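First the structure, in the form of structure tokens, and then the observations on it.
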């Protein structure tokens, strides 16, 4: 159950981060260049990223926490194997 939750959180964080960056670069930016004058583009981009970046921060922190949990599990698992082998 925990494994499925971690996989879900990992995928949700990656989708939020990468999907948002894809949208901003390939959809929002070109549309703003076509429709808005330069003085109006900057407030749109600033407002968009002001809303997007907190979600991105949560996504990146989630990915980092999951990575740390996996690495800790791998390290502790390796320590257990080494201890078991050296006890023989």
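Treat each spin label as a single point 7 Å out from the Cα along the C-beta direction, and report the residue 64 to residue 42 distance in nm.
3.0 nm
Counting only helical runs of four or more DSSP H residues, what would the 222 nm mean residue ellipticity of the chain come to if each run contributes -39,500 (n - 2.57) and the total is spread over all its residues?
Details: 3 runs with 79 residues, N = 88.
Using -39500 (n - 2.57) per qualifying helix, the result is -32000 deg cm²/dmol.
Using alpha carbons only, how many degrees (0 to 90, rounded to 10) separate the axis of helix 2-23 from the longest principal axis of the chain?
20 degrees
Nearest 10 degrees is fine. How inclined is helix 38-87 to the longest principal axis of the chain, computing both from alpha carbons?
Tilt of helix 38-87: around 10 degrees.
Full-extension gain between residue 1 and residue 49, please, as 0.36 nm times their residue separation minus the C-alpha to C-alpha distance.
Numbers: separation 48, 0.36 × 48 = 17.28 nm, distance 3.45 nm.
Full-extension gain reported as 13.8 nm.
Just so you know, all these numbers are worked out from the coordinates, no wet-lab data involved. Since this is a predicted model, take the numbers as computed values, not measurements. In this analysis, Cβ positions are derived from the backbone assuming ideal geometry, glycine residues included, and neighbour counts consider all displayed protein chains.
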